[in-house]
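Have a look at the structure below, then the notes.
Every number in this text was worked out from the coordinates using simple rules, so none of it is lab data. Bear in mind the structure is a predicted one, so any value in this text is a computation, not a measurement. Virtual Cβ from ideal backbone geometry, glycine too; neighbours counted across all protein chains shown.
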Amino acid sequence: MKQYPVAVRLASAAGAVVVLAMAAYVGWAREPRTFRLPPPLQAGLNDIKLMASGIGGAPPEAFFAMGKPYEAGSFELSQGKRLYSWFGCAACHGDGQGGKGPSFIDGWWLYGPGLVSIVASIRDGRPHGMPAFRDKMTADEIWQLAGYIKSLGAYSAHLSAPGRNDDKSPIPAENRAPAEILFDPGPTPHHPDQGPTP
Amino acid sequence: MTKDDPILTPRDTDIADAELHARLMRTWTSPPGLWAAIATVDHKVIARRYIATAFVFLILGGILALAMRLQLSRPEARYISPDRYNQIFTMHGTNMMFLFAVPVMEAMAVYLVPLMVGTRNIAFPRLNAFSYWMFLGGGLLLWLSFALDTAPDVGWFAYVPLSGPEYGPGKRADLWAQMITFTEIAALAVAVEIVVTVFKQRAPGMSLDRVPVLVWAMLVMAFLVIFAMPAIMFASSTLILDRLVGTQFYNPAKGGDALLWQHLFWFFGHPEVYIIFLPAVGMVSTILPTFVRRPLFGYMLLVGALIATGILSFGLWVHHMFVTGLPRVGESFFTASSMAIALPAGAQIFCWLATIWAGKPVFRVPFLFVLGFIVTFVLGGLTGVMVASLPFDTQVHDTYFVVAHFHYVLVGGAVFPLLGAVYYWFPKMTGRMMSERLGKLSFWLIFAGFHLTFFPMHILGLIGMPRRIYTYQPELPWAGLNLFVSLSSLVLAAGFLVFFIDVVRSRRSGLPAGRNPWGASTLEWATASPPPAYNFAHIPVVFSREPLWDEKDALPVTSGLRTDRRELLVTSLAAAIPQARESVPEDSLWPFFAALATSAMLIGSIFTPWAVVWGAFPMAVTLIGWFWPKGTKEEMS
């Protein structure tokens, strides 16, 4: 094998180390798991611009500043899943298929499928029984839970969707897109031209 | 036999040594160039790569250990976040066990076994090349995941339910599970090669009672790999199935069993300790006679102890699970069996002591490492007997006492002999001696640094410091000892630094070593240093356990192998009576492509189960290429 001079070999070794260190830094800064959000970001996440009707709206600046973590971050989604059971969502919504409250996986969203709508529903409550959680959960918890609920209703599972729980859950795990399997075309579609499939 | 007529085919009989060398070099050497370097199937080249890669992983794992010691050096330190700390201790354990300890021991076997049994290449040399590429792929996968902040954070044992679908978000645990699959494929491949090489390719006359102890140790290790690794492959595959496609293997609510994971993991994990330790026993038993100038005391006893340890090692896995609430009978049985393994270990220690006692020791660096091994390993063995007893283990489980114990047995029992082995066989591998002065310096730094670092951990454990914590409060009485441990770890690191400086320096400008610089007795010293591509110009014939001591003038050799193609001698299992000349595979790129296809399939299967289906096609193509008939008839005679 060809022998390169010592200086060349040392320089290439140093170069490799620098490149690796930079790669590690870029990687580490990519999607850090934050266990406690700084207060300014907490406040910022509450700053959603709702329509006058309160149905939906625009996400806050903080959401974009953080890199939109709540829709696809695996850690945030799995935290959302745990919050779902910790805050008793299942009492009305069951395992996601609904009960006293509406289902999340039949393809129908009363206030639209947007993340901000879901956040508003959890934070401010909705008529006919949905309580407001703004005094019970922190802002980032509400976003984590909303992200999880949105992913629950997705027709194709995201790579970062959580797996099954260690319990007797009757629906397929979130990473197997239960909404695609359990889609409910409804009794009479209002717009038959849209078709019955998701 | 007309085709193989010695008159028509060139044989190694009746030609001068220089001419024979030239002909064999033409047949056995790989051409220069990058692709040829990838295609090579020479066991020495692959083993050197394996060893170098494993030592790179040792350095990386050592840096992680220093990072942990920095974080723990004072209470409430904020150098490393808890999330990254979890990744770091998981990476440290996983890296040291799966990417350093097991591969480096197997790599030493890949280098030494064919030379010590007097053959020209390892059995299944292309599988050997495939094994290295798989190992490299697994290592890159783990370390790239660390660079991307998706490294496993579930401990090197990855207990469910923490690693399961409910509590292990993201792809971290999946990456761990597939990294396991990579390294286990590599390990199983090497194990099969070692078994076949030892059983069928020994030099004529090397009956089972003349096999060097190192070769025996590697043989037992290979069988341990073959029996233990399938358990962990099953475990990691079912874990990834649970996480990805929603199977219920570890879900108690649907008839699965969380404890099943621990049984499967430790059914592999305990023999794993001996997979690392037995080769070290072999190294010690080989180095020792050379430096006390007499044959090993109690060869039969030692080999018997090796085999007994290998068998017993499958009967003690439950002592890792004493606090899981198993039935009393089970706990008593595994307490007894855990203590029973101290018997063969004790027999080995006494054989070595007797060998030293009866010999005239020469205190060179490899011998110092052997002495360091004996002292350290005996200390670790004593705490091993302590934690083998259920009542004591219940008290110290998951404390730093256990951390101290297993570092004493793993570093003391495997790394010390390994460093000694590097000093001992470095001249054979490179043709140059390592420095005696730097070697002594690095030995004393490592020996002192090791004990100063790990002995206080026993005390830390006894005063209640738990494992895997990322920080502790200032009110707890651990700060002083932790700072001491962290400072001592710098001494240990300095020792390794000196060692690596010595390796790099000696590789370039060490004193030239002859064939047999230590005056050793085993066959690998009968050929040039470094050995030529064909290992031995003539396959030696063995009449005793110490061929180079008993045949001082000239080693008896065989002849009659062909020189125009790669051939070696197949002998019978027990008595090593020559049975056949067998042709050996040539260099090939297919193992590399097969490893690439397998890697793509395994990495894809982290994300979608369909990768197993679609990934099978490229794998099938590469395997068809690998096993495509050669055109020339396979001939044996």
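Of B:153, A:106, A:135, B:550, the sequence from fewest to most neighbouring Cβ atoms within 10 angstrom is A:135, B:550, A:106, B:153. Helix B:102-116 and the longest principal axis of the Cα set of chain B meet at an angle near 20°. Ordering B:229, B:520, B:96 by Cα displacement along the dipole of segment B:23-588 toward the positive end leaves B:520 in first place; charges were set at the Cβ atoms of Lys, Arg (+1) and Asp, Glu (-1).
How would segment B:417-574 be classified by its alpha-carbon gyration tensor: rounded, prolate or oblate, with rounded meaning a/c under 1.5 and the a/b versus b/c comparison settling the rest? Note, shape of segment B:417-574 comes out prolate.
To the nearest ten degrees, helix B:400-410 and the longest principal axis of the Cα atoms of chain B are 0 degrees apart. Positive end of the dipole of the protein assembly as shown, charges at C-beta (+1 Lys, Arg; -1 Asp, Glu), about the Cα centre: which of B:125, B:509, B:610 has its Cα farthest in that direction? The one lying farthest along the dipole's positive direction is B:509.
Applying both filters, DSSP loop and at most 11 other Cβ atoms within 10 Å, to the chymotrypsin sites (Phe, Trp or Tyr not before Pro) of segment B:528-637 gives B:627. The overall shape of segment B:517-585 is oblate: from the C-alpha gyration tensor, with semi-axes ordered a ≥ b ≥ c, the ratio a/c is 1.5 or greater and a/b is no larger than b/c. Legend: ranking of residues B:465, B:96 from fewest to most surrounding C-beta atoms inside 10 Å; resulting order B:465, B:96.
Dipole magnitude for the protein assembly as shown: about 1720 debye, using +1 per Lys or Arg Cβ and -1 per Asp or Glu Cβ, origin at the Cα centre.
Only helices enter this figure: runs of n ≥ 4 DSSP H residues, each worth -39500 (n - 2.57), summed and divided by the residues of chain B, yield -21000 deg cm²/dmol at 222 nm to the nearest 500. For residue B:94, the shell of other residues with beta-carbons less than 13 Å away shows a net charge of -2, using +1 for Lys and Arg and -1 for Asp and Glu. A DSSP coil position with no more than 10 other Cβ atoms inside 10 Å describes the following trypsin sites (Lys or Arg not before Pro) in segment B:63-172: B:78. Number of Lys-Lys pairs in segment A:39-194 with C-alpha atoms under 17 Å apart and a separation of 8 or more places or on different chains: 5. Helix B:479-509 and the long axis of chain B differ in direction by around 20°, with both axes built from C-alpha atoms. Assuming a ≥ b ≥ c are the square roots of the Cα gyration tensor eigenvalues, decide whether segment B:23-588 counts as rounded (a/c under 1.5), prolate (otherwise, with a/b larger than b/c) or oblate. It comes out prolate by the Cα gyration axes. Distance between the C-alpha centres of segment B:460-534 and segment B:53-100: 16 Å, rounded to the whole angstrom. Neighbouring Cβ atoms from other chains, within 10 Å of the Cβ of residues in B:144-151, number 5 on average.
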